[in-house]
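Computed from the coordinates by the stated procedures, all read-outs in this text should not be read as laboratory data. What you are looking at is a predicted structure, and each value in this text was computed from that prediction instead of being measured. All Cβ positions, glycine included, derive from the backbone under ideal geometry; neighbour counts span all protein chains shown.
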Amino acid sequence: MQKTVDEHKKAMELLQSNMNQHSLETRGSNQIIPSPSAPSELDNKTHSENLKQDILYLHNSLEEVNSALVGYQRQNDLKLEGMNETVSNLTQRVNLVETDLVAMSKVEKQANLSFSMMRDRAATLKRESLHQVTSRTDTVKTQSMKKEDSSDAQVSKLREKLQLISALANKPESNRPPETTHEEQVQSVTSKPSALPEFPQSLGDHTEKAAQLRPVSLPGISSIKDLQDFFHKTGQNMDGKLTYQEIWNSLGSAAPAPESLREFDADGDGRYSFLELRAALGV
């Protein structure tokens, strides 16, 4: 389009130069030839009219070209405005997408943080639960062990008492005190109202008698633990028995008299068990 306009401009400039040249020639011919002929004047007029028509045509063409240029310019402006609006819309959409991405990133970070906190809390609760369960288990085990120890101690004491009672009950008849007759019991009751009658010997009598005897003392032995150590030291366990000679070998001159120990020999075999020595020591 611009090329066409330039061509029209060049054509107008060429026509304008031709008209100027023709006018100069006309003036020159008027000066040189004072009376021109009729045909040359007609030719000049015709040529001038043709030039005018060409000039008018060129002016009209230029106006059409200018109007076309204005139309094209308007169309280009409209297209540019549309492109600007499109670019603006795209920019807004891009900004919205970026905003959404930022918001999604924040939400994802918050979700990750919440998940991490929940996981840490769950791990903490699990550790606390395990610790509580372990503590309760340890407490139950400790209580069970204490109960078992207490039960074992009670069973051991009962077993020792039963062994002592059994040993006293199995004592030979010759070592038992003589039984009194019914008449002697009646006389004893009538003569001494405060005294109790003597009944035939039983398990309770043996236990009471052993408790009423005067205990003896062995150097360095004042508890059950000391007595156990004494048995282990002499090479006997708690189920074995010691002779008076073995006691003398361990204690020497500090050993009690054999008569004082013989009162606690429940079965009269001349040997002393752990329970018999315990009764003798009163521990």
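Some points to look at:
- Order by protection proxy (mean Cβ within 10 Å, highest first), peptides 50-63, 114-127: 50-63, 114-127
- Percent of alpha-carbon pairs separated by more than 22 Å within the stretch 213-283: 7 percent
- Cα→Cβ-extended label distance, 7 Å offset, between Gln92 and Gln75, nm: 2.9 nm
- Entries of Lys147/Lys225; Lys52/Lys79; Lys10/Lys52; Lys147/Lys241; Lys146/Lys241 with Cα pairs more than 28 Å apart: Lys52/Lys79; Lys147/Lys241; Lys146/Lys241
- Potential extension, Asp269-Thr142 segment - 0.36 nm per residue separation minus Cα distance: 41.3 nm
- In this simple spin-label approximation, Val155 and Ser129 carry label points 7 Å from Cα along the Cα→Cβ vector, and these lie 3.8 nm apart.
- Multiplying the residue separation of Asp100 and Leu62 by 0.36 nm and removing their Cα-Cα distance gives an extension gain of 8.1 nm.
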